[in-house]
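Read through the structure below, which is laid out as structure tokens, and then see the notes.
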Amino acid sequence: MRIVFLGPPGAGKGTQAKLLAETKGWLHLSTGDILRDAITRDTETGRLAQGFMERGQLVPDDVVDRIVAERLDRDDAGSGWILDGYPRNLSQVSALEKILGAAGGNLDAVLFLAVEDEELVRRILGRAGQGGGRADDTENVVRERLRVYREHTEPLVAQYDEAGLLRRIDGARSIPDVSEAVLRAVDPADGGPGA
Ligand code: AMP
């Protein structure tokens, strides 16, 4: 299957995408992880992306579109994949459609993890306080990431809903509870009565 995880920063997309990928044997593609790795390795992409990421802003579309197109073109993407953190604006939605069109495929589902703002900030700053945070987990940058999400990414929820692809999941619960709901959303036979 071809799945997109959508949701605000701190909603648990990364955690849930990773769990689903492990369970199903699908590729997990996180543009944030790939960009952080590029920064660590000090590549040209990493140097380009770093300033945007430190400010909580979106890295230019051409950079992330290219990352996704290249990664999905590899053999191990054939059995299924999960996009985590992409697409993040309407232009990236179009780029993904082109990538999918070229491969002769469609998206199967967009899983939207819904969590309230206050809980998001609490989670992200909590993770920073425990030393597990990222460079962009400071309060000001978190607020900017939320603002950017509202302005650029949130419109995708309605768009994918109209396309009949959206499955809304309450992300404010425990990791195992959300993970069970995610499995049910991609495969109604999983975890359902009599399954
Ligand atoms: P994430 O790990 O998904 O929270 O992403 C961390 C940061 O990486 C974001 O705040 C952006 O600066 C950058 N980033 C990740 N994915 C994208 C994307 N699809 N488009 C633009 N910037 C992105």
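Readers should treat all values here as calculations from the given coordinates under stated rules, not as data from a laboratory. Note that the structure is a prediction, hence the values are computed from the model and not measured. FYI the Cβ positions are ideal-geometry reconstructions off the backbone, even for glycines, and counts take in every protein chain you see.
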Scanning segment 111-139 for residues that are over 23 Å from residue 60 (Cβ atoms) and among the hydrophobic types (A, V, I, L, M, F, W, C) gives 111, 112, 113, 114, 115, 120, 121, 124, 125, 128
Filter segment 6-30 for residues that are surrounded by fewer than 20 Cβ atoms within 10 Å (Cβ to Cβ) and touching a His at 6+ places or on another chain (Cβ under 6 Å); the one that is nearest to residue 56 (Cα to Cα) is 18
Note on residue 71: of the conditions (1) among the basic types (Lys, Arg); (2) within 18 Å of the chain's Cα centre (by Cα); (3) exposed (fewer than 12 other Cβ atoms within 10 Å of the Cβ), unmet is (3)
Residues of segment 153-171 being touching a residue at least 40 places away in the same chain (Cβ under 8 Å), assigned to a helix (DSSP H, G or I) and hydrophobic (A, V, I, L, M, F, W, C), in sequence order, are 156, 157
Note on segment 5-27: residues of a type in the set (Asp, Glu) and closer than 26 Å to residue 142 by Cα are none
